[in-house]
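Report on one structure; see the data block that follows.
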Amino acid sequence: MRLSYFLSGLGLCVALAGCGSESSHPSKISVNKNPFPSTYQHLPRSSSLLIQNATVLTGTGERLEESDVLIVDGKISQVGKDLPTDGATIIDAKGKWVTPGIIDVHSHLGAYPTPAVESHQDGNEITSPNTAEVWVEHSVWPQDPGFNTARAGGITSLQILPGSANLFGGRGVVLKNVPAFTVQQMKFPEAPYSLKMACGENPKRVYGSRQQAPGSRMGNMAGFRAAWAKAVEYKANWEDFENGLISERPERDLELDTLVGVLNGEIRIHNHCYKAEEMAMMIDMAKEFGYDAGTFHHAVEAYKIADLLAENGNCAAMWPDWWGFKMEAYDMILENIAVVDAPKNSCSIVHSDSENTIQRLNQEAAKVMYRANENSFDIKDEDAIRWITYNAAKALGLENKTGSLKTGLNADVVIWNHSPFSVYALAEQVFIDGAKVYDRADSTYQAVSDFKLGQATITTSEKGGE
Amino acid sequence: MLSKKKLAAALFISSMSGLTFAESVAITNANLYTGATPAVLEGATIVFEDGKISAINPDTLNADTVIDGTGKIVTPGLIGSINALGLVEVGAVADTRDSGTEKGSITFNPSLAFNPESTLLPLARKGGVTSDIIVSSAESNDFAGAATLVSTSSSLDFTTTEVAVITYLHGEEKGSRASKIQELDDALSKQQEKLTKKDDKEGDKAKSPSESEKKLTAMLEGKLPLIVATERPADILQMLALKAKYNLKLIIAGASGAVAVTDKLVEADVPVIISATHDLPESFDELYAALDNASVLASKGVKIAITVAGDSSHNLHQLRFEAGNAVAHGLDYQTAIRAITSNLADFFALESKGSLEVGKDADLVVWSGDPLEFSSRVESIWIAGEQQSTITRQDKLRDRYLNTQQSDLPPGYRK
C-alpha cells in the first residue's frame, strides 16, 4: 500500500476495509485513516412507514400543511399530500408537527458526562496547548444518561467535541444518538472528522497561568500559526517522500496527521471563538495556510461580522442568550442567530454545548425567532428549523445524509405534539434511519443507561400518574 | 429578512417607551392571572396608585392614565430566587463577583454589595421579573449567609430586605456532609441553650447578643427562614429532623430528591424551590432529577416555587420559560404562575408581593400573550407603581450593528 494519506485523489486508501497489508516495501508504512470504524446498525424498523396528516417543516425552508412523510427502508421516500398507504405502517399525526431529526453540532456528552464526577472528566487533554493528536471518541462513555435525555428532545445526531482549553483540542466525532455500549456503535458512518480549535480567553488563561505559552491573544495566534507552518512542512515532507524526492521516510506524528487532514480538506475545523476581531483573524489565518476556517462556535459577537461570515462561507453555531460568564461572552444579543442568518449564503446554527439545553434546541431556536421578529425580522417556523437541522448538518458535512426531509436522505425524523417553537412542545416519537428510537407514550422505546439502572427512583405509579 | 417598514415601527415604539409615572393607572379589560384566588379574572380592570394596587374591577373607573388591556394578560411581577443578581457582572471577572467569600457565616450579607446598575437587571425586567431573592454562595461554611429580597429596578434609590439564611448541603470534596449537619445542629443547640439559661436567670444582666446570636434566635423563633440547598432524599430528611428539633421555618432548594419524600414535606409544611429543567444526575445526590418533578410535587401537595437552572443571575429572564417547561411536563398552569410569583412571597413572608390583590405593591406586568410562551413579550412593567424600561445593553448593541439609525459612520459612532 502506498502512503497516500496526504495525496487526495491519488489511489487513496481510506481503509474502510481491507487495505493495509499489500506492501512489503520496508520504507513504506501503512496509515489506516479509520482505525475505529463505525459499527452502527439501525434499530429494528418497518420497511415502509407512513406518517400522515402532519404539519411538516422540511428543514429546507418549506412548511407543508396536512402532509405525509413516507419512509422506505430507512430513507425519506416522499413528502406530500395523500401519499399511498399500501403496505406501510401508518402513524396518524393529525394535529402534530414533523421535522427532521434535530442535530447539535456542539456537545460534550459522553466525554463530560453526568454524573460529573472527577473520574469522568475526560473531555479535554489540558496538558499542552496543541493536542491535535487526541480523539474525543476515545473519551466517550456511551452510558452517559444525557444521550437518552437528548433523544427525548429529538436529537438524532450530535457532534462531540473536545473542550476548549487548548489552541488545538483534538478531533471531534459525529454520533448517531442510538443507545449503545461501544462508541463505534454510535459513530455516524462516513461522517468527516473534525478538529476543535479555541480562540480567546481559555487557552491564554489555562497556559498563561502556568507561565507557559500562550499567555495572551497574540500568543494564541503565534501558537496557531507555528502549528500550521509545521503542518505545511510535514505535508510537503511526506509528499516529497512519496514522490521519491527524498529517501528518508519522515517520522509519523499523530498531531500533525490531524492538521494535515485539515489542510487536505478531509477534516473540518470547529473553532470555539467568541469575538468578532478574533473570528476575522481566524479567517485570514486559514487563508494564509490554505485551509477552510470552518464553523465558529459560540460566536457571541458573530452579529458584528455577519456579512464577513457569509461572504467567506463560514457557519456560526451559537446560543440564543447565554452570556456574561466571561468577558468574551459579554456582548451577547438575543437576535445574534437571526442577524447571522440574514445575509445570502449564511449558515446560522443553534447549538447547545450543554447536556441540558441539547434537550431543548427547538426552544432555543424559538427564543431567537420570536425576539428577532419583535425587532424587524420576519422569520418563519420553516426558516428557524434550519438552524437546528439543515444548517447543522451542513457544518458537519452531512447535509446529503441527514438534516432535512429530502428524498433519499436518512429518515431521521421527529414527531412533535405541538409546533416545536412552543414551550409546551414535546417530541413524541423520534426515528433514526427510519427506526423508532424514542416514544414518549411507550416505555419500551425509552432507553435507560446502565448507570441509572438499579438506582433509587420513583415509579410512574408512585408519581400518581398513568 | 429585514423589512424597513417594520424597522421604523420598532424605532417608534422604543422612542415612546420612556419612563412615565402617573398618579394613578388603570389597565382595563385585561385577563388578570392574579397569583391569588380566584386565579384568573377575565376582562378585568386593575388600578394602582401611589405604588400600590388600589382597586380591581372598581364600580367607577377613575384614573389619570388608562391603558387598554384588551387581549392582554396581566400578571404580578415575577419573583426570581437563589441567584446573584446585582452581585455579579461577569462571572470570570473576579472583582465583579460579590456573592461569596471564604469567611462566610450566618452574618455574611452579600446584599451590601448589591449593584442596581448592573446590566443584568434590565434583562431580568425584559423577562417580567420585578423582585429577586439573592443569596450568599459561600457554600463551604456552616451557614453561608443571607438571602435578601431586592428589586430589579435600576434605581439607586433602593432598599434590600434580608429574608432568610441559606446553607448548602451536598457531597464534599474533602470530609463529610455529616460535619455540616453537626455544625448546623451545634450552632442551633448552643443558642437554644443560651436562651434557656437566660430565661432561668431572669433579672440577671444578660450580655447583649452578638449579630450571629440574634440570627440564630430569629431562626429558633421561626422568624427567619433557613434555606437549605440540597438534593438527596436522605439529606432532606436530615433537615426535616433539624426543623422538627428546633421548630425552624425551613425551605429546601434544589430538591431533586423531594419527590421521594413528598409525604414528609407535606406533613412538615416545608416548601421547595426547584428548577423545572433539571433532569440529569449531575452528581450522585441528584438521581431523582426529572422533568416532571414540579408536577409530581405539586400533585402530592408540596408547595413549590420555580427557579432558573444553571446561571440564574444572567439567565433570570428565562424564569417564565422554566415555568412553561413545568407545564409542558404536567404542572397545572396557574400553579406554575404561582410558582414564580405568590408562592415565593408566601415562603419568604413578603407580604406586599407576589399577587394582584388590592393593597399589594404595584409590581405588575402586561404581556402580549401567554407569559410562559416564547411568542409573548413584556409590553409594560411596573415596580411599586413606577414604569420600568426594558431596554437593555443588548438592545443597544443590536441596534448599533443593525444600523437602525442608518448612519454612514462606523458602528462606534452609533449610540
Residue in the range A:14-30 that is surrounded by 19 or more Cβ atoms within 10 Å (Cβ to Cβ), under 31 Å from the mean Cα position of the chain (by Cα) and at pLDDT 50 or above present: no
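Take the range B:299-314 and flag every residue that is surrounded by 24 or more Cβ atoms within 10 Å (Cβ to Cβ), free of Cβ contacts under 8 Å to residues at least 60 places away in the same chain and farther than 17 Å from B:Ile236 by Cα.
Selection gives B:Ile306 alone.
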Breaking point among (1) touching a residue at least 40 places away in the same chain (Cβ under 8 Å); (2) within 14 Å of chain A (Cβ to nearest Cβ), for B:Thr96: (1)
Among (1) closer than 19 Å to B:Met239 by Cβ; (2) out of contact with any strand residue (DSSP E or B) (no Cβ under 8 Å at 6 or more places or on another chain); (3) in a loop (DSSP other than H, G, I, E, B), the one test that B:Lys174 misses: (1)
Selected residue (only one of A:Leu426, A:Leu453 is closer than 26 Å to A:Tyr370 by Cα and within 12 Å of another protein chain (Cβ to nearest Cβ)): A:Leu426
Any pair with Cβ under 7 angstrom, 6 or more apart, that starts in the range B:393-415 at a residue that is of a type in the set (Gly, Ala, Ser) and ends at one that is assigned to a loop (DSSP other than H, G, I, E, B): B:Ser407/B:Arg414
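Quick check on the range B:103-120. Is at least one of its residues in contact with a helix residue (DSSP H, G or I) (Cβ under 6 Å, 6 or more places away or on another chain), part of a loop (DSSP other than H, G, I, E, B), within 14 Å of another protein chain (Cβ to nearest Cβ) and free of Cβ contacts under 8 Å to residues at least 60 places away in the same chain?
Pass one, the range B:103-120, residues in contact with a helix residue (DSSP H, G or I) (Cβ under 6 Å, 6 or more places away or on another chain): B:106-107, B:119.
Add one more test, that the residue is part of a loop (DSSP other than H, G, I, E, B), and what stays is B:106-107, B:119.
So of that shortlist, the ones also within 14 Å of another protein chain (Cβ to nearest Cβ) come out as B:119.
Of the ones still in play, those that are also free of Cβ contacts under 8 Å to residues at least 60 places away in the same chain are none.
Checking the range B:103-120: not a single residue is in contact with a helix residue (DSSP H, G or I) (Cβ under 6 Å, 6 or more places away or on another chain), part of a loop (DSSP other than H, G, I, E, B), within 14 Å of another protein chain (Cβ to nearest Cβ) and free of Cβ contacts under 8 Å to residues at least 60 places away in the same chain.
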Residue in the range A:247-256 that is surrounded by fewer than 17 Cβ atoms within 10 Å (Cβ to Cβ), within 24 Å of the chain's Cα centre (by Cα) and closer than 14 Å to A:Thr131 by Cα present: yes
Matching residues, the range A:134-158, being in contact with a strand residue (DSSP E or B) (Cβ under 7 Å, 6 or more places away or on another chain), assigned to a loop (DSSP other than H, G, I, E, B) and over 19 Å from A:Thr99 (Cβ atoms): A:Val134, A:Val140
In the range B:205-226, residue nearest to B:Leu169 (Cα to Cα) [restricted to those that are within 26 Å of the chain's Cα centre (by Cα) and of a type in the set (Lys, Arg)]: B:Lys215
Residue ID - nearest to the chain's Cα centre (by Cα), chosen from residues in the range A:406-423 that are of a type outside the set (S, T, N, Q) and more than 14 Å from every other protein chain (Cβ to nearest Cβ): A:Asp412
Exclusive hit being small (Gly, Ala, Ser) and either at the interface with another protein chain (Cβ under 9 Å from one of its Cβ atoms) or assigned to a helix (DSSP H, G or I) (or both), set B:Ala305, B:Ala253, B:Ala229, B:Ala290: B:Ala290
The range A:264-292, subset in contact with a Ser or Thr (Cβ under 6 Å, 6 or more places away or on another chain) and crowded, with 20+ Cβ neighbours inside 10 Å, residue farthest from A:Ala165 (Cα to Cα): A:Arg268
Checklist (1) aliphatic (A, V, I, L, M); (2) surrounded by fewer than 16 Cβ atoms within 10 Å (Cβ to Cβ); (3) over 16 Å from the mean Cα position of the chain (by Cα); (4) closer than 18 Å to B:Gly80 by Cβ applied to B:Ala349, failing item: (3)
Selected residue (only one of B:Thr196, B:Thr130, B:Thr167, B:Thr160 is loosely packed, with under 13 Cβ neighbours inside 10 Å and of a type in the set (Ser, Thr, Tyr)): B:Thr196
Some residue of the range A:72-87 being in a loop (DSSP other than H, G, I, E, B), under 15 Å from A:Val413 (Cα atoms) and outside the structural domain of A:Asn391 (by TED's automatic domain parsing): yes
Among residues of the range A:295-312, those that are of a type in the set (Phe, Trp, Tyr) and either in contact with a Pro (Cβ under 7 Å, 6 or more places away or on another chain) or within 14 Å of chain B (Cβ to nearest Cβ) (or both), counted: 1
Meets criteria (over 20 Å from B:Ala39 (Cβ atoms) and either without any contact (Cβ under 8 Å) to a residue 12 or more places away in the chain or of a type in the set (A, V, I, L, M, F, W, C) (or both)) for B:Val296: yes
Residues being buried (at least 19 other Cβ atoms within 10 Å of the Cβ), within 18 Å of A:Gly464 (Cα to Cα) and more than 10 Å from every other protein chain (Cβ to nearest Cβ) - total across the range B:327-336: 2
Count of residues meeting criterion [over 27 Å from A:Ser449 (Cβ atoms) and assigned to a loop (DSSP other than H, G, I, E, B)] in the range B:264-287: 3
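If you take the residues of the range A:207-244 that are acidic (Asp, Glu) and without any contact (Cβ under 8 Å) to a residue 12 or more places away in the chain, which of them is surrounded by the fewest Cβ atoms within 10 Å (Cβ to Cβ)?
By that ranking, first place goes to A:Glu233.
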Counted residues, the range A:313-332 - those being within 14 Å of A:Glu278 (Cβ to Cβ) and either among the polar types (S, T, N, Q) or more than 10 Å from chain B (Cβ to nearest Cβ) (or both): 2
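Within the group B:Lys198, B:Lys207, B:Lys190, which residue is more than 28 Å from A:Gln455 (Cβ to Cβ), modelled with pLDDT under 95, in a helix (DSSP H, G or I) and of a type outside the set (A, V, I, L, M, F, W, C)?
Within the list B:Lys198, B:Lys207, B:Lys190, the selection yields B:Lys198.
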Complete set of residues in the range A:355-374 that are within 8 Å of another protein chain (Cβ to nearest Cβ), touching a residue at least 60 places away in the same chain (Cβ under 8 Å) and among the polar types (S, T, N, Q): A:Gln359, A:Gln363
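Conditions tested, residue by residue: (1) more than 21 Å from B:Gly91 (Cβ to Cβ); (2) in contact (Cβ under 8 Å) with a residue 60 or more places away in the chain; (3) hydroxyl-bearing (Ser, Thr, Tyr).
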residue	(1), (2), (3)
A:Tyr303	yes, no, yes
A:Leu308	yes, no, no
A:Asn312	yes, no, no
A:Ala317	yes, yes, no
A:Pro320	no, no, no
A:Met327	no, yes, no
A:Tyr330	no, no, yes
A:Asn336	no, no, no
A:Val340	yes, no, no
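Residue-wise test of (1) more than 19 Å from A:His351 (Cα to Cα); (2) within 14 Å of another protein chain (Cβ to nearest Cβ).
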{"residue": "A:Pro113", "(1), (2)": "no, yes"}
{"residue": "A:Gln121", "(1), (2)": "yes, yes"}
{"residue": "A:Ser139", "(1), (2)": "yes, no"}
{"residue": "A:Pro142", "(1), (2)": "yes, no"}
{"residue": "A:Gly154", "(1), (2)": "no, yes"}
{"residue": "A:Leu167", "(1), (2)": "yes, no"}
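The values are calculated or read from the model by the stated rules, or taken from the named source; none is laboratory data. Keep in mind that what you see is a predicted model, and the values were worked out from it rather than measured. With ideal geometry, Cβ positions are generated from the backbone for all residues, glycine too; neighbour counts draw on all protein chains shown.
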